[in-house]
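One structure is given here, and the rest of the page talks about it.
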Amino acid sequence: MIEAFIAKARELYGEGFIPLHRPVFEGNEKRYLCECIDSNFVSSVGQRVVDFEMSISEFTGSKYAVAVASGTAGLQVALRVAGVSVGDEVLTQDLTFVATANAICHLGAAPVFLDVDIDSMGLSPSALLKFLEEHAAIESGQAYNKTTGARISACVPMHTFGNPGRIVEVIKICSEWGIPVIEDAAESLGSYIGDTHTGNFGCLGVFSFNGNKVITTGGGGVIVTNDESLAASARHLTTTAKVAHPYEFSHDEIAYNFRMPNLNAALGCAQMERLEEQLAIKQKVAEIWYEFFQVQGIEFMRPIPGCTTNNWLNAIRLNDRNERDIFIQATNEAGVMTRPVWQLMSSLPMLARFHCEPNPNAQALASTIVNISSSVPDGWLKHVESNI
Ligand SMILES: *Cc1c(COP(=O)(O)O)cnc(C)c1O
């Protein structure tokens, strides 16, 4: 099977080292970057930031978009405007990228790690409900933890590898407990539940444009919301809480310099122009892998019914840790990059002191999932003449 996999990867991606996911710059990237430099507006004020926010708004169907310096920064600000503060507890999943937990901890809140569903790899509604029924109570509309006495001020589900989680169920449970939901949609630009784009279910959602994501701004992120006042707060907090004035420096909160620079947004504008085309190609690649692994009798992770994935990172599930390790070693030695999923948050040294609920599904996935080649292959995008 391993030899056949390597051969298939070579057929798709050719010779040389094959990364998991590489960015593609085959549109107006260089042109927009040069225009940006020529304009002198390279920093956190500029038309490209506004244009980029508009294209994200339009693409996701979110009313408001606030471009920020990274996905992690976006999560931190989204949590803060949703009301998370020092000493609170924030519910999230044990199987996620460390940025989710970092953002919670940077606000002085304590993450509570819950299990995921095997099929969606996202937060398990039944684990969430079980935790709340066992540990939480509501007082004047506010959920708190009966054991620790802390407020439970938010829940952050994450859409793993672009596959949407059971967000509708999560929101239903959280709304009964008065807990705001912030979607860590970092990996899921181009993913839908029904016809609705991820990021629109919670009170706020956050996408990342790091170099390995579906599209990149070099580094960057965006906060989306359909709530005007949350959007205004997020914008204010990411721009040093400066009160608008032609020349006076007046600030009214301890805030952040988290605005996305115009240079990064210029790159983002060019990337957005080819997003649909890239998503269609990634869908084809995922179908090729799905068929390949079906013949091999190996599970290829598909979206749960009713959902559409952006196919950010393709993932397969092997039988056990040993089989996984052999696969990962052999493929990497052959120059075809593959990777295990993140170590569980509760197993990381700086997060081990936080509460973690029983997590059999997260553990099962953590020892068996492997991410495989997911890039847009060379020459599959329609060639356009660059203006540079
Ligand atoms: C990429 C990512 C983030 C944010 O990452 P940045 O590198 O800060 O943009 C957050 N959560 C998840 C799950 C991610 O994959």
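Among the helices (runs of 4 or more DSSP H) confined to the range 209-327, the ones with at least 3 residues that are over 20 Å from the mean Cα position of the chain (by Cα) and assigned by TED's automatic domain parsing to the domain that holds Ala65 are located at 228-238, 262-273.
Being of a type in the set (Asp, Glu) and within 16 Å of the ligand (Cβ to nearest atom) is the filter; apply it to the range 172-189 and report the residue that is nearest to the chain's Cα centre (by Cα).
Start the filter on the range 172-189 by keeping residues that are of a type in the set (Asp, Glu), which leaves 176, 183-184, 187.
Then keep just the ones that are within 16 Å of the ligand (Cβ to nearest atom); that gives 183-184, 187.
Working: Glu183: 8, Asp184: 5, Glu187: 3 Å.
That would be Glu187.
Just one residue in the set Phe59, Phe131, Phe52 is assigned to a helix (DSSP H, G or I), within 16 Å of the ligand (Cβ to nearest atom) and in contact (Cβ under 8 Å) with a residue 60 or more places away in the chain; that residue is Phe52. Considering each residue of the range 192-206 in turn, at least one proves to be within 16 Å of the ligand (Cβ to nearest atom), in contact with a Ser or Thr (Cβ under 7 Å, 6 or more places away or on another chain) and assigned to a strand (DSSP E or B). Filtered by the rule that a residue be under 17 Å from the mean Cα position of the chain (by Cα), more than 19 Å from Glu176 (Cα to Cα) and part of a loop (DSSP other than H, G, I, E, B), the range 134-161 gives a lone residue, His159. Being of a type in the set (Lys, Arg) and surrounded by fewer than 19 Cβ atoms within 10 Å (Cβ to Cβ) is the requirement here; does Lys282 meet it? The answer is no for Lys282.
Mind telling me which of the residues Ala82, Ala101 ends up being within 12 Å of the ligand (Cβ to nearest atom), crowded, with 23+ Cβ neighbours inside 10 Å and either more than 26 Å from Phe52 (Cα to Cα) or of a type in the set (Gly, Ala, Ser) (or both)?
Ala101
Applying the selection to the range 62-92, what residues are in contact with a Pro (Cβ under 6 Å, 6 or more places away or on another chain) and in a loop (DSSP other than H, G, I, E, B)?
Residues of the range 62-92 that are in contact with a Pro (Cβ under 6 Å, 6 or more places away or on another chain), as a first pass: 82, 90, 92.
Within the range 62-92, Ala82 is the sole residue that qualifies.
Only a single criterion out of (1) under 15 Å from the mean Cα position of the chain (by Cα); (2) in a helix (DSSP H, G or I); (3) under 17 Å from Ser346 (Cβ atoms); (4) in contact (Cβ under 8 Å) with a residue 40 or more places away in the chain is not satisfied by Leu95, namely (2).
The values are calculated or read from the model by the stated rules, or taken from the named source; none is laboratory data. Just so we're clear, the structure is a prediction, and the values are computed from it rather than from any experiment. Note: ideal-geometry Cβ built from the backbone for every residue, glycine included; neighbour counts use all protein chains shown.
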